[in-house]
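Dropping the structure in here first, questions after.
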Amino acid sequence: MEKAGKPTVRQVYALAAALCERMGEEFPESRAAASELIERLRTLGPVLHALGDAIPHRDIPSRKFEVGSGVACALALLARHGPLSPVTIGALAASVPDLEHVLPRISDREIFPSHRFRGWHREGGVPAWAQLVAAGAILALLLRRE
Ligand SMILES: [Zn+2]
């Protein structure tokens, strides 16, 4: 078997089937079903982020801690599951909207809807410590060995 060059179509097909199985998704039976699945997976992360922002919560009062812990968690998931894992891709897709809080602005206002529209991201409700406990429990579940 030739080892150099890009993966074959059969290899990519087998990889997609393995990823679907790992995520508990049916492997699509038609082009339309495949397009729908791809679109759903691409949009799910930002949708979850927007839903999370809609739950009233207290932000952790340290940007340094938020960025450091976010990067550390992403690296831990990357090391445990690899860059093509649905776990890693889902975590990054759900976290990406908050990059606009730390990267230089390209607009005078924030862009992501739950950051841009007042009243969507509300203060109060879930305290920071409870979010940290939940994040730790979720991370422990995602990092555990099967
Ligand atoms: Zn956000």
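Could you pull out the chymotrypsin sites (Phe, Trp or Tyr not before Pro) across region 29-129 that fall in loop regions by DSSP (anything but H, G, I, E, B) with no more than 16 other Cβ atoms inside 10 Å? The partial results should precede the final answer.
Values: sites: Phe65, Phe117, Trp120, Trp129; in loops: Phe117, Trp120.
In loop regions of region 29-129 (DSSP not H, G, I, E or B), the sparsely surrounded chymotrypsin sites (Phe, Trp or Tyr not before Pro) are Phe117, Trp120.
Using each residue's phi in region 136-144, evaluate 6.51 cos²θ - 1.76 cosθ + 1.60 at θ = phi - 60° and report the 3J(HN,Hα) Karplus result to the nearest Hz, with x for Gly and Pro.
Working through the residues one at a time gives x, 5, 5, 4, 4, 4, 6, 9, 5 Hz.
Hey, another quick one. Among Ile106, Ile38, Ile89, which one shows the biggest mean-square fluctuation in a GNM of the chain, springs joining Cα atoms closer than 10 Å?
Per the Cα network of the chain with a 10 Å cutoff, Ile106 tops the list.
In addition: Could you work out how far the C-alpha centroid of region 119-133 sits from that of region 63-83, in angstrom?
20
Taking region 12-53, which GluC sites (Glu not before Pro) meet the DSSP loop condition and have no more than 11 other C-beta atoms within 10 Å? Present the calculation step by step, with values, prior to reporting the outcome.
Numbers: sites: Glu21, Glu25, Glu26, Glu29, Glu36, Glu39; in loops: Glu25, Glu26, Glu29.
Passing both the DSSP loop test and the Cβ count: Glu26, Glu29.
Report P(r) for the chain: all Cα-Cα distances, bin width 5 Å, range 0 to the bin holding the largest distance, values in whole percent.
Calculated P(r), rounded to whole percents: 2, 8, 13, 18, 18, 14, 11, 8, 4, 2, 1, 0.
Give me the percent relative contact order of region 15-118, please, defined on Cα pairs under 8 angstrom at least 6 residues apart.
Numbers: 50 pairs, mean separation 32.3, N = 104.
After rounding, I find 31 percent.
Given H placed 1.01 Å from N in the peptide plane, which residues other than close sequence neighbours of Val126 have an amide H under 5 Å from its amide H?
His57, Arg58
Then there is this: Please order Leu84, Leu37 by the number of other Cβ within 10 Å, starting at the fewest.
On the way: Leu84 10, Leu37 17.
Ascending Cβ contact count within 10 Å gives the list Leu84, Leu37.
From the convex hull of the Cα coordinates of region 47-125, what is the mean projected area in square nanometres?
Details: hull surface 23.5 nm².
The number I arrive at for region 47-125 is 5.9 nm².
Since every read-out is calculated from the coordinates, none of them should be taken as a lab result. This one's a predicted model, so the numbers in the text were calculated from it and none came from an experiment. Here the Cβ is made from the backbone with ideal geometry for all residues, glycine too, and neighbour counts use every protein chain on show.
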